[in-house]
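Every number here is computed from the coordinates shown, using simple stated rules; none is lab data. Being a predicted model, the structure only gives us computed values, none of them experimental. Please note: Cβ atoms are built from the backbone with ideal geometry, for glycine as well, and neighbour counts cover all protein chains shown.
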Amino acid sequence: MGTPPPDQIRTVCVFCGANPGANPGYRATAESLGLALARSDRRLVYGGGNVGLMGALADATLAAGGEAVGVIPQHLVDREVAHAGLTTLHVVHSMHERKARMAELSDAFVMLPGGVGTLEEFFEVWTWGQLGLHRKPYGVLNAAGYFDPLLAFLDRAVTERFLHQEHRDFVVVDDDPARLLARLEGHYVPQVEPWIDRSTT
């Protein structure tokens, strides 16, 4: 069921904020991830913006000689937030098409700090993996401890039996970009059934 895992991670989709955030460490980590992608000869796929962590990530990837591919809906191009210097820029009609195209182009997924849009994109990819629609790995780059409360909530969801521990373990968490990319290699989502406690249904 679902798409098979990639033989090797060549293209990484990164979800991140269109704002830089309050902590300078967020931008520094985004730039370090861009550098790590370029140095490991991995292509970046992201939301195509030139602002916030998105712009910092793409600029760092390109400056290090890497490839940066953006996917952005037309309504954001019209607001002049598209990055003009990317290797490739795909302009799509809707946010739904954007997410589908990013997933199609990518071998793995990483979440940097961001707001509700970043969380929504990552959780949808995670849900697709949990449902067996793909077996591509995904991870959280926990810059400056930004995701500590979220990770604690996910552990609470396991304790409260809304999330299976095996599904929680699908998510690779690290605070070092190069180490996270290395850990994602080979960490493919296993073929498992979605967990439902049928004793309560």
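For this structure, a couple of remarks:
- Helix 116-130 vs. the chain, principal-axis angle (Cα, 0 to 90°, nearest 10): 50 degrees
- Relative to its Kirkwood radius, the Cα radius of gyration of region 53-138 gives an Rg/Rh of 0.96.
- HN-Hα J in Hz across region 34-40 - Karplus 6.51, -1.76, 1.60, θ = phi - 60°, x for Gly and Pro: x, 5, 5, 4, 5, 5, 8
- Percent RCO, i.e. relative contact order, over the chain, from Cα pairs under 8 Å lying at least 6 residues apart: 24 percent
- Cut-off under 5 Å, modelled amide H: who pairs with residue 109 long-range: 13, 138, 139
- Tail weight of P(r) past 17 Å, computed on alpha-carbon pairs of region 87-201, percent: 60 percent
- Projected area averaged over orientations for region 23-90, convex hull of C-alpha atoms, nm²: 4.2 nm²
- Label zone at residue 10, where the point sits 7 Å out along the Cα-to-Cβ direction: region 21-58 residues whose backbone N lies under 18 Å: 37-46
- Taking the C-alpha atoms only, the angle from helix 148-159 to the longest principal axis of the chain is near 20 degrees.
- Along region 85-90 the Karplus relation, 6.51 cos²θ - 1.76 cosθ + 1.60 evaluated at θ = phi - 60°, assigns HN-Hα couplings of x, 6, 4, 8, 10, 9 Hz to successive residues, with x for each Gly and Pro.
- Cut-off under 5 Å, modelled amide H: who pairs with residue 92 long-range: 72, 74
- Overall, the chain carries a charge dipole of about 140 debye about its Cα centre when +1 sits on the Cβ of Lys and Arg and -1 on the Cβ of Asp and Glu, all other atoms neutral.
- Estimated Rh, region 11-188: Kirkwood, alpha-carbon pairs, angstrom: 16.1 Å
- For 105, 181, order by how many other beta-carbon atoms lie within 10 Å, fewest first: 105, 181
- The stretch between residue 157 and residue 80, if pulled fully straight at 0.36 nm per residue, gains 23.8 nm over its current Cα-Cα span.
- Neighbour-count ranking [beta-carbon atoms within 10 angstrom, fewest first] of 155, 59, 107: 155, 59, 107
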